[in-house]
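First comes the structure, then the notes that go with it.
The values are calculated or read from the model by the stated rules, or taken from the named source; none is laboratory data. The structure presented is a predicted model; accordingly, all values stated were derived computationally and were not measured. Side chains are part of the model used for accessible areas, which takes the heavy atoms of the whole protein and leaves out ligands, DNA and RNA. Shrake-Rupley method; radii C 1.70, N 1.55, O 1.52, S 1.80 Å.
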Amino acid sequence: MKTDFLKLMVLPMVAFSLASAAAVTTSKAKESQTATAIIDGYIHSPLPSSCRLVNVDCDVTGNAFCMSGSSQVFDKDSETTCSTPLFRTVNP
């Protein structure tokens, strides 16, 4: 009798709870992926060996190079070099 009650009432409630938790977790993960922030980036101006500060809405991951005007934006590697490219996510 106890086993029948467990199968009929408790198991569906547990399954529903797990499904609800998974849906909420997936929703929050998508929100965090789309949120970007204005960060400091650097462009080579006027020489490729120089680094000029620009504020951009980019990240270290993405599917398109981050641009400021016609210049590609980089992250600063050290005090004198900026060669790590920054990216932005472009939805197809």
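What list of ³J(HN,Hα) couplings, whole Hz, do you get for the stretch 75-87 from phi and the Karplus terms 6.51, -1.76, 1.60, once you set θ to phi - 60° and write x for glycine and proline?
9, 7, 7, 8, 5, 10, 10, 9, 10, 7, x, 9, 10
May I ask you to rank R88, R52 by accessible area, largest first, using a 1.4 Å probe over the protein chains only?
The ranking, largest first, comes out as R52, R88.
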